[in-house]
Each structure stands twice: as C-alpha cells, then as structure tokens.
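Throughout, read-outs are computed from the coordinates displayed, never taken from laboratory work. Small disclaimer: the values here were computed from a predicted structure and weren't measured. Ideal geometry is used to build each Cβ from the backbone, glycine not excepted, and the neighbour counts take in all protein chains shown.
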Amino acid sequence: LTLDAAFPNHPAWDVTEPTIELEDNLLTKNPNSYDDYDILSTDPDSIRRIIAVGTQNMDNELDLLRWAMNNVTMRFSKVPLITQAYDAVASDSENTWPGTILPGTVVVPDKPPNAWNYTEPVQDSVGVYNGDRGFSYIPLTENEVVEVVLQNALALNGVSDMHSWHLHGNPFYVVGYGFGTFDEETDPKSYNLVNPVRRDTVSLLPLGWTAIRFKANNPGAWAFHCTQSAHAVMGMGFTFITSPDLIESPPAAARSCVENSLSPQAADDDEPSSSTMSTFEGVVAAASVLVGCSILLQ
C-alpha cells in the first residue's frame, strides 16, 4: 500500500501538553440546563470523596501481572453483579443497603489502604503484590453525591501510563485535574465548579490525577473501568452498585448467559491473563461482562 501523503504528525503518547490544551477548552455551555447541576454547589462536607489509586501489581496467588484499584484487582463475574445485588437485597432481611452482604464479592475501599508518594515506585513503599481480587464494587445510595479522584501512579516498569476511564450509567462533571499526589486540602481549591465539561469518559494523564463528580441517581450496577482492553481484562476497574433495593427484578435476559449457555462454565479460579489470552478474546470477555453489568432498569 502506497500513500500519497504523509501520516499526521501526532505527539508521543506521553506528551501531555496537547491533551491539557484540549481539556482546558472543553466546557459546558449551559450547565444549569441539567438536572444534576446542583452537585457543583453541594456542601463539600456532604460529598462522598473516593480516591481511587490505580497500581500495577503481581498477583501473589497466580503469579500474573495485574492492575488494581485501591489494591483490589477486578475479576469478571459469570453472573452479572446486578442480579447478584438484587438477589442479595431480596434475601437479606437483617441488613439494609448499603450494608447488604453480596457473597463472593469484594468491596473496594474509598481510600487506598496504604498511601505513599505516587510519583515514587510502588516497589519501594507498599510492595508489588495486590491485596485482594474478586468481583469488586463500591456501594452507593440513590442521589448520593460522589466525587472520584482518579490517581495515577508508576507501573512496575517505572513508567506512568495514560488511562482513559469510562463510567456506565451516569454522566459526570470533570471538576479538576493536576499532577503529582492529590492533596485533599489544597487541590479542590483549583476545581472548576462553574462550567466544567459533562461527559462519561475522561483522560488520566501520566503521574496525574483527575477529579470527577456525579449524582448517583440511577439505581443499578454500573461498571467503571479503563477503556484500554488489556488494562480492563487485567483488573483495572470496579462496579458502582447504586440502591439495588429500589430496582425491579432484572429481566430474564440478565441471567440468560449463565443459565442457557451451551458451553461448560469455567472454574471459579480460571483467570483471564495478558499472557494466556489473545487480544480478541480479552476484548470479548471484557465487553460481554461490562454490557451485562450495565443494564438500565427503570
């Protein structure tokens, strides 16, 4: 194949200036036209802030390279989390949501269990192994105002990757970004709470942090994950489960894949791996689960 023109001269993947210039010019023209605009003026003391630190880890049980959020590596459930959550709240008469216990799942903590200077190697601080792995989620209640600070860190090879994060089920406002370790006292003072861009996907720059804010006004189970398929399959993500006690029974299609599959079910300890799974298989595995987790129930 011969091309008559030269390829465009794109910047290298780790050159952040063009992205910053673009992001700084993305604003919401009429933010007060949206029903959730009030979250930009919500009392900071009533906002639930989640600091989600993404790290590259080794799984000490499987000896495989993984990603983790707050030291929890996401695994893909054969059963959509929305049906698990619905069944749990329907059968648990002792605990009300968000205290309901979902068997076989892992709750991602709101803050990393061990904080450090995220511009320094993780090997020199908290170690190279993830703390847990499983069908990971963060419980939310309807109309809760949530702020997620995505905090980047160095991968095990000493390089900080660029990530693109996508949230199913809820749009969000990108209220701020910066570099280095997010400071809860000083960095929120730089937020744009007047006309921040409203979207469902956002960039996380190398050695940077990005803050998003949304209202959890859509009961259900909503995947939040890196859009790079390899990172998602290796565990970079989790699910927000919002007030499953307020939804109707999931449709039969939500259970169909497991109940009607013609293929043998994989063993519980079968893990997708970047070393054993083709790119196509990884994309299919990630897409099938994420779609299953993102069923809109009205």
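For the stretch 174-254, what is the convex hull volume of its Cα atoms per residue in Å³? Write down the numbers at each step before the final one.
Working: hull volume 11.7 nm³, N = 81.
Each residue corresponds to 144 Å³ of Cα convex hull volume.
Among the DSSP beta bridges whose two residues both lie in the chain, what percent are antiparallel, rounded to the nearest 5? Please report the intermediate quantities before stating the final value.
Details: 36 of 53 bridges.
Of the beta bridges lying entirely in the chain, close to 70 percent run antiparallel.
Not counting the cut sites, what is the longest span of the chain without GluC sites (Glu not before Pro) that DSSP labels loop and that have at most 11 other Cβ atoms within 10 Å?
Details: sites that count: 61, 94, 184, 185, 248.
Segment 95-183 is the longest.
If the chain between residue 41 and residue 227 were fully stretched, how many nm would it gain, using 0.36 nm times the residue separation less the Cα-Cα distance?
Working: separation 186, 0.36 × 186 = 66.96 nm, distance 2.98 nm.
Result: 64.0 nm gained on full extension.
Taking Rh as the Kirkwood radius, which is the inverse of the mean 1/r over Cα pairs, what is the Rg/Rh value for the stretch 60-203?
Values: Rg = 17.3 Å, Rh = 17.7 Å.
Rg/Rh for the stretch 60-203 comes to 0.98.
Could you work out the relative contact order of the chain, using alpha carbon pairs under 8 angstrom and six or more residues apart, expressed as a whole percent?
Working: 582 pairs, mean separation 69.0, N = 298.
With pairs under 8 Å counted, the relative contact order is 23 percent.
For the chain, what is the calculated [θ] at 222 nm in deg cm²/dmol (nearest 500), taking -39500 (n - 2.57) for each run of four or more DSSP H residues and dividing by its residue count? Don't skip to the answer; put the middle values down first.
Values: 5 runs with 47 residues, N = 298.
The per-residue figure over the chain is -4500 deg cm²/dmol.
Excluding residue 54 itself, calculate the net charge of residues whose Cβ lies under 14 Å from the Cβ of residue 54, where each Lys or Arg counts +1 and each Asp or Glu counts -1. Intermediate results must be reported in sequence, preceding the final value.
Working: positive: 66, 111; negative: 161.
My count for the surroundings of residue 54 gives +1.
Modelling each spin label as a point 7 Å along the Cα-to-Cβ direction, I'd like the residue 184/residue 256 distance in nm, to one decimal.
Output for this residue pair reads 4.5 nm.
Run through every distinct alpha carbon pair of the chain and return the Kirkwood hydrodynamic radius in angstroms, one decimal place.
Numbers: mean 1/r = 0.0493 Å⁻¹.
In the chain this quantity evaluates to 20.3 Å.
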